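Before any comments, here is the structure.
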Amino acid sequence: MFKKIFRQDENAINSEISAELPLPSHVAIIMDGNGRWAKKRFLPRVAGHREGMQVVKRMTRYANSLGINILTLYAFSTENWKRPEDEVDFLMKLPGEFFDTFIPELMEENVRVNVMGYKEELPKHTLDAVERAIEATKNNTGLVLNFALNYGSRAEIVTATQVAMRELLDEGLSPEDLTEERLAKHLMSADLSDPDLLIRTSGELRLSNFMLWQLAYSEFYFTQTHWPDFSEEDFKQAVVEYQNRSRRFGGL
Ligand code: IPE
Ligand code: IPE
Ligand code: MG
């Protein structure tokens with residue numbers, strides 16, 4: 001009875017994903033709040049990161065089951081090196097732990113791993129783990145699981161501009177010939193579509209140097225939930241809200 005009345009309300013947002021409305025093809029998530037989650041439980045911050053890793057597995061499965069094409073996860077920013085050494089060390093060990101335990105399932109689920117970030121600055125054991133995962137999953141054709149690891153958007157834009165300008169000069173062209181397309185071709189996301197939906201957990205309303213170029217027309221969804229508590233239901237709510245947004249790209 002209540003349901004019926006609820007559905008008649010024009011402003012009511014259905015709580016289920018619609019098969020008629022488009023899904024976001026690319027979902028990007030700023031996974032924030034691991035530290036606060038741990039603090040609330042009187043645990044060390046790294047306990048939040050470990051729990052957060054389990055959530056990454058669950059959300060990968062869920063995104064794949066929905067038929068989302070790309071899931072980008074902000075795992076470590078170029079600014080996160082400012083954290084205490086033991087926390088950074090722990091975070092740098094997580095990719096090894098994550099891929100060692102998860103690659104068989106990624107293969108089974110046909111998921112392809114991609115990493116964007118300044119990989120050369122990662123410790124060797126982290127880089128090895130990342131490269132093993134990329135290599136092992138390179139022929140998979142399902143969900144692209146894209147980690148932003150030692151990623152910073154301003155640096156990315158500067159580097160891309162430098163490469164694009166060099167290319168222009170080599171072609172005998174001038175700086176004025178630089179186009180959006182040429183610049184975007186040199187971003188770390190060159191092979192990926194722009195995110196349709198950006199989710200940030202844990203209540204912070206900022207981008208923290210994440211995909212500034214690529215998020216120009218993305219829909220933003222913020223939730224108070226800390227990343228280790230983020231569930232399939234929360235992900236679903238973000239997708240439902242996305243489906244109820246009206247994307248205009250500056251048009252009508
Ligand atoms: C996000 O959680 C994970 C990383 C940035 C690596 P935080 O570690 O930022 O958690 P809070 O924001 O301090 O709660
Ligand atoms: C952004 O979170 C980076 C990641 C989630 C990896 P931060 O916790 O580093 O961002 P700020 O410092 O609150 O802006
Ligand atoms: Mg944080």
Task: Odd one out for VAL240 among (1) more than 13 Å from ligand 1 (Cβ to nearest atom); (2) touching a residue at least 24 places away in the same chain (Cβ under 8 Å); (3) assigned to a loop (DSSP other than H, G, I, E, B) - done: (3)
Open item on the list: If I go through the stretch 202-214 residue by residue, how many of them are farther than 19 Å from THR78 by Cα and surrounded by 15 or more Cβ atoms within 10 Å (Cβ to Cβ)?
Closed with: 1
- [ ] Go through (1) in contact with a His (Cβ under 7 Å, 6 or more places away or on another chain); (2) of a type outside the set (S, T, N, Q); (3) in a helix (DSSP H, G or I) one by one and return the number of the condition PRO195 breaks.
- [x] (3)
Task: Selected residue (only one of SER174, SER246, SER231 is surrounded by 11 or more Cβ atoms within 10 Å (Cβ to Cβ) and among the hydroxyl-bearing types (Ser, Thr, Tyr)) - done: SER231
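For the stretch 1-95, which helices (runs of 4 or more DSSP H) that fit wholly inside it have 3 or more residues that are within 14 Å of ligand 3 (Cβ to nearest atom) and modelled with pLDDT of 95 or more? Give the steps one after another, and end with the answer.
Details: elements: 2-8, 34-40, 45-66.
Fully inside the stretch 1-95 and qualifying: 34-40, 45-66.
Conditions (1) within 10 Å of ligand 1 (Cβ to nearest atom); (2) over 13 Å from the mean Cα position of the chain (by Cα), marked per residue:
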site: TRP37; (1), (2): yes, yes
site: ARG45; (1), (2): yes, yes
site: GLU51; (1), (2): no, yes
site: ASN64; (1), (2): no, yes
site: ASN69; (1), (2): no, no
site: ALA75; (1), (2): yes, no
site: PRO95; (1), (2): no, yes
- [ ] Among the residues of the stretch 140-175, write down those that are closer than 21 Å to LYS57 by Cβ and over 18 Å from the mean Cα position of the chain (by Cα).
- [x] ASN140, THR141
Open item on the list: Any residue in the stretch 72-86 that is within 19 Å of MET53 (Cβ to Cβ) sitting within a Cβ distance under 8 Å of a residue that is near ligand 2 (Cβ under 6 Å from one of its atoms) and part of a strand (DSSP E or B)? List the pairs, counting only those 6 or more apart or interchain.
Closed with: TYR74/ILE30
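For LEU143, are the conditions met, namely being more than 16 Å from ligand 2 (Cβ to nearest atom) and either under 22 Å from ALA238 (Cβ atoms) or among the aliphatic types (A, V, I, L, M) (or both)? Even if it seems obvious, please write down each step before you answer.
Details: more than 16 Å from ligand 2 (Cβ to nearest atom): yes; either under 22 Å from ALA238 (Cβ atoms) or among the aliphatic types (A, V, I, L, M) (or both): yes.
It is true that LEU143 is more than 16 Å from ligand 2 (Cβ to nearest atom) and either under 22 Å from ALA238 (Cβ atoms) or among the aliphatic types (A, V, I, L, M) (or both).
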Open item on the list: Testing PHE42 on (1) surrounded by 20 or more Cβ atoms within 10 Å (Cβ to Cβ); (2) free of Cβ contacts under 8 Å to residues at least 24 places away in the same chain; (3) of a type in the set (Phe, Trp, Tyr), one condition comes back false. Which one is that?
Closed with: (1)
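The values are calculated or read from the model by the stated rules, or taken from the named source; none is laboratory data. Note that the coordinates shown come from a computational prediction; the quantities given were computed from them, not determined experimentally. We place every Cβ from the backbone using ideal geometry, glycine too, and count neighbours over all the protein chains shown.
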